[in-house]
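Have a look at the structure below, then the notes.
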Ligand code: OXD
Ligand code: MN
């Protein structure tokens, strides 16, 4: 399909290494994808679901040992260990190539090598980048065909260029002891072996669009971030765009597809989704920051998704979707997951494909007793989403007015606050943290620092990453987006969430946009600008202003402890920590001492 010499050479090397029986270029045509779906059904790799209720939908089950991303087996292999920094696993490239090639050698024997040319971002967009993934998995091909733009067009855009990311995926025998997800940012190369689970094998997503792309952005002067992008439309029909970074499992997909409460909808407010997980941002010709979603679909967590929590996500999964590790309802050949509705199927197979008895479900032991795996997923085309933005497919990107950070903090961060300026905002992002919940393994309430929600995804030294953020701020000057922090998860003395969250988060988004436009007032506090309580609209909400005040409060003792923890967190970065951030921490401590 191409005469690009760099592509041909690498593919020759891959064929010699992997020894496939057959080679197939993925051209992106519906006819070819349909053949592959049929083949996957015939071998049992996928199950065709009820064509009337879920047209074009399939179920796939991974091995029980292969159900999530594996951070402890994820490596950044740069020549110098220092380049990868203290937050990444590192191995010397030569050593890792040798190890991985030994693992992958000959493992495509008896299999087909699928070659997937794909674009991250609309094909031909000035913000897009190209990758080629080879894989021995039809599941990977079909997921990539949803999550990225795949096909011959991509190679036309690539032409003779060497600016493309090499991706080798080999299932091997899905042995967790030999599972590695490795990135060679200096060679634009990704190698993933012994897994067949989404986040480890759909190499366009976390591997390329975050780990490799963050490195590229650092070198080339742009940003690859773990952020949703949404447009908030006001009653005049104007749309303002925000990008928001939250750690995994803090509701990015829900915020991206939010439906405002009825009274705001009636006034004409609406949210348009541009992306739910990743944002690539570049300074545009007018000096503002423009963002695209490099993906073409949603790889969302199924459990908890329902018509109330996220109507738009649920709608997105109703056709042409691949479900992974959910529960199969044998009565009508549809799917189910915990939190979908209150009617678990009576005649069903669980995520492992075993007969499932819903009465035995035990919240304390979900993996063993649930119908769907807690990390089960849907891979749904973005164009299925009822609120997908008109801008989604346009390559020029959307201008970002505000950047929002956030996490789960029971007592610390207020519902929302605005940083004092860009540098202060970078400080807020660098100190971002989330508390573990009962849903995650390990102790409850443990604070995990996750700067800019990039801890598992930053492809280089995080000290350099903070410096890059500061550098971008200098370039943007007064055109820089305003930076905010939100916390939907403040709890009362009984441990109940105070803020209703979900659609009501639109009330907070409105304040954020008003601040960007200089239309709302605020109170300056030690940490930044906090809303005047009367500026958060509580119409139709069962909440009084005193309760709202309680979650806008900045508590001196809590924040002094927080500042001490940030100081500890900063030690990791050694002398790569930018001085500006050290100063910011000192300012915070000073401000608190005056409280
Ligand atoms: C994801 C994640 O899967 O952040 O998007 O873990
Ligand atoms: Mn994510």
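The values are calculated or read from the model by the stated rules, or taken from the named source; none is laboratory data. The structure presented is a predicted model; accordingly, all values stated were derived computationally and were not measured. Note that each Cβ is placed from the backbone with ideal geometry, even for glycine, and that neighbours are counted across all protein chains shown.
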* To do: Looking only at the range 69-79, decide whether some residue is within 18 Å of residue 144 (Cα to Cα), modelled with pLDDT under 95 and surrounded by 15 or more Cβ atoms within 10 Å (Cβ to Cβ).
  => yes
* Hey, can you tell me all the residues within the range 169-199 that are part of a strand (DSSP E or B), more than 16 Å from ligand 2 (Cβ to nearest atom) and under 22 Å from residue 298 (Cα atoms)? => 169, 190, 192
* Could you say whether any residue in the range 317-330 is modelled with pLDDT of 95 or more, at positive phi and surrounded by fewer than 23 Cβ atoms within 10 Å (Cβ to Cβ)? -> yes
* Structure fact -> Scanning the range 258-282 residue by residue, the ones that are assigned to a loop (DSSP other than H, G, I, E, B), closer than 14 Å to residue 231 by Cα and in contact with a helix residue (DSSP H, G or I) (Cβ under 8 Å, 6 or more places away or on another chain) total 5
* **Hits in the range 174-189 - residues which are buried (at least 24 other Cβ atoms within 10 Å of the Cβ) and either within 15 Å of ligand 1 (Cβ to nearest atom) or over 25 Å from residue 467 (Cα atoms) (or both)** => 181
* Single match in 511, 499 (criterion: out of contact with any strand residue (DSSP E or B) (no Cβ under 9 Å at 6 or more places or on another chain), at pLDDT 95 or above and under 23 Å from residue 265 (Cα atoms)) -> 499
* To do: Look through 283, 292, 278 and report the one residue that is buried (at least 23 other Cβ atoms within 10 Å of the Cβ), away from ligand 2 (no atom under 16 Å from the Cβ) and in contact (Cβ under 8 Å) with a residue 24 or more places away in the chain.
  => 292
* Give the range 283-310 a look and list any residue that's under 19 Å from residue 389 (Cα atoms) and part of a strand (DSSP E or B), or say none. => 289, 290, 291, 292, 297, 298, 299, 300
* Members of the range 203-257 that are in contact with a helix residue (DSSP H, G or I) (Cβ under 6 Å, 6 or more places away or on another chain), away from ligand 2 (no atom under 12 Å from the Cβ) and in a loop (DSSP other than H, G, I, E, B) -> 235, 257
* Asked: Residue check, residue 434 against (1) surrounded by fewer than 22 Cβ atoms within 10 Å (Cβ to Cβ); (2) within 16 Å of ligand 2 (Cβ to nearest atom); (3) modelled with pLDDT under 95, all met but one. Which one?
  -> (1)
* Has the range 443-450 got at least one residue that is buried (at least 20 other Cβ atoms within 10 Å of the Cβ), within 16 Å of ligand 1 (Cβ to nearest atom) and within 28 Å of residue 572 (Cα to Cα)? -> yes
* Which numbered condition residue 73 misses (of (1) free of Cβ contacts under 8 Å to residues at least 24 places away in the same chain; (2) within 19 Å of residue 169 (Cα to Cα)) -> (1)
* Asked: Which of (1) touching a helix residue (DSSP H, G or I) at 6+ places or on another chain (Cβ under 6 Å); (2) assigned to a loop (DSSP other than H, G, I, E, B); (3) surrounded by 17 or more Cβ atoms within 10 Å (Cβ to Cβ) is the odd one out, the single condition residue 380 does not satisfy?
  -> (2)
* To do: Could you tell me whether residue 297 is within 22 Å of the chain's Cα centre (by Cα) and either within 16 Å of ligand 2 (Cβ to nearest atom) or modelled with pLDDT under 95 (or both)?
  => yes
* Options 118, 114; residue that is assigned to a strand (DSSP E or B), crowded, with 22+ Cβ neighbours inside 10 Å and more than 23 Å from the chain's Cα centre (by Cα) -> 114
* Asked: Pairs, please: C-beta under 8 Å, at least 6 apart or cross-chain, first residue under 9 Å from residue 228 (Cα atoms) and away from ligand 1 (no atom under 13 Å from the Cβ) and in the range 240-256, second part of a loop (DSSP other than H, G, I, E, B) and modelled with pLDDT under 90?
  -> none
* Asked: If we only count strands (runs of 3 or more DSSP E) wholly inside the range 430-543, which ones have 1 or more residues that are under 19 Å from the mean Cα position of the chain (by Cα)?
  -> 433-435, 447-449, 482-486
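For (1) over 23 Å from the mean Cα position of the chain (by Cα); (2) within 26 Å of residue 348 (Cβ to Cβ), each residue gets a yes or a no:
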residue	(1), (2)
9	yes, no
17	yes, no
32	yes, no
53	yes, yes
61	no, yes
70	no, no
75	no, no
79	yes, no
84	no, no
* Which residues, taken from the range 11-30, are in a helix (DSSP H, G or I) and touching a residue at least 24 places away in the same chain (Cβ under 8 Å)? -> 11, 14, 15, 17, 18
* Structure fact -> By residue number, the members of the range 80-89 that are free of Cβ contacts under 8 Å to residues at least 60 places away in the same chain and either touching a helix residue (DSSP H, G or I) at 6+ places or on another chain (Cβ under 8 Å) or crowded, with 18+ Cβ neighbours inside 10 Å (or both) are 89
